[in-house]
Amino acid sequence: MYTLEQLVNYAKTYGYIYQGSEIYGGLANTYDYGPLGALLKNNIKAAWKKVFCNDEDNVMLDSSILLNPLVWKASGHLDNFSDPLIECKACNQRFRADKIISDFDPTVNTDQMNFLAMEDYIASHHLHCPACGKNNFEHIRSFNMMFQTTQGVVKESGNEIFLRPETAQGIFINFKNILRTTRKKIPFGVCQYGKAFRNEITPGNFIFRTREFEQMELEFFCAPGSEVQWFNYYREKMVNFLINLGIKKTNIQVYDHPKEGLAHYSNATTDLEFNFPWGFDELWGIASRRDFDLNAHAKASGTELNYLDPESNEKYVPYVVEPSLGVERLLLSLLFNGLEDYIVDNEVRTVLHLHPFLAPYKATILPLSKKELGPTAKKIYHSLQELYEVAYDDAGSIGKRYRRSDAIGTPLAITIDFETLNDKCVTVRYRDDMSQKRVKISQLKKIIGALVKL
Ligand code: GAP
């Protein structure tokens, strides 16, 4: 597996991910997604939408990033969405106290500890500042992670609003609208992807933890009593989704949170962890949240958020099962999972093994001669481009062009040679095993179509 440093270099070299605001010296922990990264992100969201929305009886939502601040009061984010911040008196750097403890001993359950218990643990185990190595900390403080801003032109109190730290609340507050306009029956789910913002104390590990990121969240509404069945259903579906996308089984670990560590409203929570170079770490979470969220918003807004079962005539507040995944975390996992360097003829051949559905380009069109074969190659390119993202490359030796196509994860390389003008055939070369076959130009769309099936 690539090291983190190798992967950062790879992502920058090929146009997957750039440092944010680079020409101004950068802005720490922000990243821009280049031509390939932008396509890959879109394909990740499309794959998730296909499997978790289209394949099921679920619907999509696109709610605002800016919500009435009362939403965050009701959801508990204003009061509780905070991390334990500890500052080193020697170097003034700030850290998450729970991270300092779990980095020292991953078996300690910091969810069970209050600030005093964490301070005691840090002192009694002589834990040091991760930056300067001294052991001289301030008291732990609660640090709310929501980004605050002001709405309107006048800066006065009462105008403060927040950038959403998760997409989920937009779904809960639209529950009644969705129910009314879709006439869905319980059980059904609402899917949403979009940006979320968290003022993380310790962002890092490249795009693993950033302050601006995208989430793909599903809130699945079901009848009380059926939530465990749905939790297990989606937990399994999540694992299968990752494996179907090509993530190796050995790179996935399923962590079921122990009952005593669960939030008071949850009766089951599981993290799917990926094998990052720094160890297994959270990729995707699923929580059974009972009726906590709908009840909280019903109480605070004065709007009934319940459901009348048309068959039993029973009225109830639905229970919720919530799988929640970060787009960038999945993207990072796919890069670590798929990148391989092979030595071929004393040269490094880099290959990104990506599922064809996800690959930014499905094929690269390669004319062996720019001049004589260019017009035919361009015709093939434009015809395929109508259905699929394809690339065109006529610069450099064919070997170099193959290598670039493999390195960015393009599953097919289509070579147009002089024979093509007579037999209307091209050579298709497969990225993963480098096998080649001669096929009719008219078959290309079908071949790509079969390959990109999810
Ligand atoms: N609504 C539930 C929720 O937001 P979460 O565990 O806080 O749950 C869900 O976040 C997922 O969002 C995580 O599993 C991770 O994939 C992604 N995520 C969370 N914070 C992130 C951050 N700072 N940077 C990148 N991705 C993040």
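Derivation of every value follows stated rules applied to the coordinates shown; laboratory data play no part. For clarity, every value in this text was computed on a predicted model and none was experimentally measured. Because the Cβ atoms are built from the backbone with ideal geometry, glycine has one as well, and the counts that use them run over all protein chains shown.
At full extension, residue 346 and residue 212 could sit 44.1 nm farther apart than now, given 0.36 nm per residue minus the alpha carbon distance.
Calculated mean residue ellipticity at 222 nm for the chain: -9500 deg cm²/dmol, from DSSP H runs with n ≥ 4 weighted as -39500 (n - 2.57), summed, divided by the residue count and rounded to 500.
Packing-based ranking of 88-98, 302-312 yields 88-98, 302-312, ordered from highest to lowest mean Cβ neighbour count within 10 Å.
I need the fraction of alpha carbon pairs in the chain separated by more than 31 Å, rounded to a whole percent. Result: 52 percent of Cα pairs exceed 31 Å. Across every direction, the projection of the convex hull enclosing the Cα atoms of segment 66-106 has a mean area of 4.6 nm². Packing, taken as the mean count of other beta carbons within 10 Å per residue, orders the peptides 12-21, 35-44 from highest to lowest as 35-44, 12-21.
Under the simplified labelling scheme, the residue 117-residue 454 pair shows an inter-label distance of 4.1 nm, with each label point 7 Å from Cα along Cα→Cβ. Let me know the shape class of segment 126-237, please: from the alpha-carbon gyration tensor, a ≥ b ≥ c as square roots of the eigenvalues, rounded when a/c is under 1.5, otherwise prolate if a/b is greater than b/c, or oblate. Oblate is the answer for segment 126-237, as a/c is 1.5 or above yet b/c matches or exceeds a/b. Label positions at residue 21 and residue 382, each projected 7 Å from the Cα along the C-beta direction, are separated by 4.3 nm.
Here the label points at residue 66 and residue 135, each 7 Å from Cα along the C-beta direction, are separated by 4.9 nm in the simple model.
May I ask for the angle, rounded to the nearest 10°, between helix 115-124 and the longest principal axis of the chain, with both axes built from Cα atoms and the value confined to 0 to 90°? Around 70 degrees separate the two axes. Going by the alpha-carbon gyration tensor, a ≥ b ≥ c the square roots of its eigenvalues, is segment 1-116 rounded (a/c under 1.5) or, if a/c is not under 1.5, prolate (a/b greater than b/c) versus oblate? In terms of gyration-tensor shape, oblate.
Relative to the Cα centre, the charge distribution of the chain, modelled as +1 at Lys and Arg Cβ and -1 at Asp and Glu Cβ, gives a dipole magnitude of about 1700 debye. Axis of helix 398-407 versus longest Cα principal axis of the chain: the two differ by about 20°, to the nearest ten degrees. Between 0 and 90 degrees, the angle of helix 370-385 with respect to the longest Cα principal axis of the chain falls at about 40 degrees. Here the contact order of the chain, divided by its residue count and restricted to Cα pairs under 8 Å and six or more residues apart, works out to 13 percent. Computed packing ranks the peptides 253-265, 436-448 as 436-448, 253-265, most packed first, by mean other Cβ atoms within 10 Å. Students often get this wrong: which residues of segment 218-262 have the backbone nitrogen under 11 Å from the point 7 angstrom along Cα-to-C-beta of residue 299? Hits in segment 218-262 for residue 299 at 11 Å: none. Which of the GluC sites (Glu not before Pro) found in segment 344-423 are in a DSSP loop and have at most 13 neighbouring Cβ atoms, other than their own, within 10 Å? Qualifying residues, ordered by number: 386. The Kirkwood radius of segment 84-144, taken over pairs of alpha-carbon atoms, gives through the Stokes-Einstein law at 37 °C and 0.692 mPa s a diffusion coefficient of 288 µm² s⁻¹. Is the shape of segment 361-451 rounded, prolate or oblate, going by the alpha carbon gyration tensor and its root eigenvalues a ≥ b ≥ c, with a/c under 1.5 for rounded and a/b larger than b/c for prolate? Rounded, since a/c falls under 1.5.
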